[in-house]
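Peer 1: Provided herewith is a single structure, encoded as structure tokens, for subsequent inquiry.
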Amino acid sequence: MERELFVILIEVLDALPRARYRPPKARYTDRDIILVWLWAVLHDRPIDWACTRRNWPWHDRTRPLPSGATMSRRLRTVSFALLVVSLFAAVRVRCEDGSCTLIIDGKPMTVSGNSADRDVGFGRACGVMGKGYKLHAITDLAGNMWVFEVAPLRVSEQAMARTLIERLGDRPGTTLLADANYDANVLYDMAGQRGMQLIAARRYKKAKGLGHHRHSPHRLVALDIQQRDPKILEPRRRIEGHFGTMGNVIGGLAPLPNAVRGLPRVKRWVTAKLLIDALHRLRRTRLQAA
């Protein structure tokens with residue numbers, strides 16, 4: 001399976017001109033760096049593990065490998081970050097119905113309670129209190145990641161939703177589905193300013209009216225849509241299925257290893273896991289089309 005994913009990865013990388021970029025006086029291209037990076041994360045190993053020749057298949061042991069110091073330096077470069085963005089776009093699959101529906105939600109990633117990680121946060125994790133980080137993401141119905149961010153668990157989903165909606169940009173005609181945690185006027189206004197209609201479940205479902213506070217006109221539209229179509233939020237549960245699939249595929253987003261601590265390292269780890277999940281999705285799509 002790992003080899004199948006790498007064949008797809010190499011095929012996609014070879015079609016990206018940006019992958020061949022080599023910084024001045026550097027020996028390795030960004031393509032070389034991303035292959036070593038994903039090989040380590042695919043096997044849930046530290047980066048240094050993938051820098052050792054014996055940890056590669058025998059037919060790949062002639063590949064020149066960068067050192068751990070080189071990897072640490074190159075993973076923080078702008079050119080590498082731009083290549084990752086291009087790679088996410090290249091492995092995106094098409095939605096079955098071609099709809100413009102997006103979903104926003106968060107996935108907690110808890111760590112041990114006695115962790116000494118200074119960046120880790122304490123907050124709600126699926127109805128209970130936990131310690132760790134949370135992946136905040138906007139996906140489409142097919143599971144493609146459009147924008148995402150990792151933050152300590154103490155950061156609220158509404159605060160991160162502002163960042164994600166702003167990063168998503170203008171998307172006229174798009175419907176953004178969410179659970180009750182995102183039922184806030186400020187989020188309705190932010191989405192509306194970018195041409196999107198946010199539809200979130202009501203936070204207080206038993207409330208008889210709307211009260212006397214100001215309500216965003218986009219929230220009033222969403223409430224009217226839900227009243228006319230009670231099943232409008234049913235596709236929102238797909239993102240929970242996508243999050244579940246991430247942890248079940250080979251090399252997927254399992255609990256954070258002990259070596260992955262500190263917000264920058266966690267962000268890089270989760271980014272790699274999301275790329276691996278996208279490669280699995282692209283592979284499944286190709287098999288279904290064959």
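The values are calculated or read from the model by the stated rules, or taken from the named source; none is laboratory data. Values in this document were obtained by computation on a predicted structure and should not be read as measured data. No Cβ is skipped: glycine too gets one built from the backbone with ideal geometry, and neighbour counts run over all protein chains shown.
Peer 1: Scanning for something in contact with a helix residue (DSSP H, G or I) (Cβ under 9 Å, 6 or more places away or on another chain) and closer than 20 Å to LEU275 by Cα, does segment 111-132 turn up at least one residue?
Peer 2: no
Peer 1: For segment 5-28, which residues satisfy the criterion of being among the hydrophobic types (A, V, I, L, M, F, W, C) and either in contact (Cβ under 8 Å) with a residue 12 or more places away in the chain or touching a Phe, Trp or Tyr at 6+ places or on another chain (Cβ under 7 Å) (or both)?
Peer 2: Just the residues of segment 5-28 that are among the hydrophobic types (A, V, I, L, M, F, W, C), to begin with: 5-10, 12-13, 15-16, 19, 26.
LEU5, PHE6, ILE8, LEU9, ILE10, VAL12, LEU13, ALA15, LEU16, ALA19, ALA26, listed by residue number.
Peer 1: Looking at segment 214-236, I want the residues that are without any contact (Cβ under 8 Å) to a residue 60 or more places away in the chain and have a partner that is outside any helix (DSSP H, G or I) and among the polar types (S, T, N, Q) with Cβ atoms under 8 Å, at least 6 apart or on another chain. Which pairs are those?
Peer 2: Every condition considered, the pairs that remain are HIS218/GLN197; VAL221/GLN197; ALA222/GLN197; ILE225/GLN197.
Peer 1: Somewhere in segment 55-68, is a residue modelled with pLDDT under 95, more than 23 Å from ILE250 (Cβ to Cβ) and in contact with a helix residue (DSSP H, G or I) (Cβ under 6 Å, 6 or more places away or on another chain)?
Peer 2: yes
Peer 1: What's the total number of residues in segment 53-71 that are among the hydroxyl-bearing types (Ser, Thr, Tyr) and loosely packed, with under 13 Cβ neighbours inside 10 Å? Before the answer, list the steps.
Peer 2: As a first pass, look at segment 53-71 and keep what is among the hydroxyl-bearing types (Ser, Thr, Tyr): 62, 67, 70.
Remaining after also requiring loosely packed, with under 13 Cβ neighbours inside 10 Å: 62, 67.
Adding up the residues that qualify gives 2.
Peer 1: For segment 239-250, indicate whether the set of residues that are in contact with a His (Cβ under 7 Å, 6 or more places away or on another chain) and at pLDDT below 90 is non-empty. Show your work before the answer.
Peer 2: Going residue by residue through segment 239-250, those that are in contact with a His (Cβ under 7 Å, 6 or more places away or on another chain) are 249.
Still in the running and at pLDDT below 90: 249.
Yes, segment 239-250 has at least one match.
Peer 1: May I ask you to list the residues in segment 242-256 that are in contact (Cβ under 8 Å) with a residue 40 or more places away in the chain, farther than 17 Å from GLU2 by Cβ and not hydrophobic (A, V, I, L, M, F, W, C)?
Peer 2: HIS242, THR245, PRO255
Peer 1: THR139 versus (1) crowded, with 19+ Cβ neighbours inside 10 Å; (2) among the β-branched types (Val, Ile, Thr); (3) assigned to a loop (DSSP other than H, G, I, E, B): which is the lone unmet condition?
Peer 2: If we test THR139 against (1) crowded, with 19+ Cβ neighbours inside 10 Å; (2) among the β-branched types (Val, Ile, Thr); (3) assigned to a loop (DSSP other than H, G, I, E, B), just (3) comes out false.
Peer 1: Which one of these is loosely packed, with under 15 Cβ neighbours inside 10 Å, of a type outside the set (Asp, Glu) and at pLDDT below 90: GLY123, GLY127?
Peer 2: Step by step, each of GLY123, GLY127 is checked, and only GLY127 is loosely packed, with under 15 Cβ neighbours inside 10 Å, of a type outside the set (Asp, Glu) and at pLDDT below 90.
Peer 1: Consider only pairs whose beta carbons are under 6 Å apart and that are at least six residues apart or on different chains; among these, list those whose first residue lies in segment 65-84 and is in contact (Cβ under 8 Å) with a residue 12 or more places away in the chain and farther than 14 Å from ARG22 by Cβ and whose second residue is of a type in the set (D, E, K, R) and surrounded by fewer than 17 Cβ atoms within 10 Å (Cβ to Cβ).
Peer 2: GLY68/ASP48
Peer 1: Are any of the residues in segment 248-270 assigned to a loop (DSSP other than H, G, I, E, B), in contact with a helix residue (DSSP H, G or I) (Cβ under 8 Å, 6 or more places away or on another chain) and farther than 30 Å from LEU38 by Cβ?
Peer 2: Within segment 248-270, none of the residues are assigned to a loop (DSSP other than H, G, I, E, B), in contact with a helix residue (DSSP H, G or I) (Cβ under 8 Å, 6 or more places away or on another chain) and farther than 30 Å from LEU38 by Cβ.
Peer 1: Of everything in segment 255-274, what is of a type outside the set (Lys, Arg) and closer than 28 Å to ALA200 by Cα? Give them in sequence order.
Peer 2: Answer for segment 255-274, where residues must be of a type outside the set (Lys, Arg) and closer than 28 Å to ALA200 by Cα: VAL270, THR271, LEU274.
Peer 1: Restrict the check to segment 20-38 and report whether at least one residue is closer than 20 Å to ILE250 by Cβ, crowded, with 17+ Cβ neighbours inside 10 Å and not aliphatic (A, V, I, L, M).
Peer 2: The answer is yes; a qualifying residue exists.
Peer 1: Cβ contacts < 7 Å: first residue modelled with pLDDT of 95 or more, restricted to segment 155-177; second residue among the acidic types (Asp, Glu), any location; separation 6+ or different chain. Result?
Peer 2: MET160/GLU149; THR163/GLU149; LEU164/GLU149
Peer 1: Anything in segment 90-120 that is loosely packed, with under 13 Cβ neighbours inside 10 Å and within 28 Å of ARG18 (Cα to Cα)? List them, or say none.
Peer 2: Once the filter is applied, which keeps residues that are loosely packed, with under 13 Cβ neighbours inside 10 Å and within 28 Å of ARG18 (Cα to Cα), segment 90-120 yields only ARG94.
Peer 1: Right, another one. Going through segment 149-165 one residue at a time, which ones are surrounded by 21 or more Cβ atoms within 10 Å (Cβ to Cβ) and either closer than 14 Å to LYS131 by Cβ or hydroxyl-bearing (Ser, Thr, Tyr) (or both)?
Peer 2: Selection gives ALA151, LEU153.
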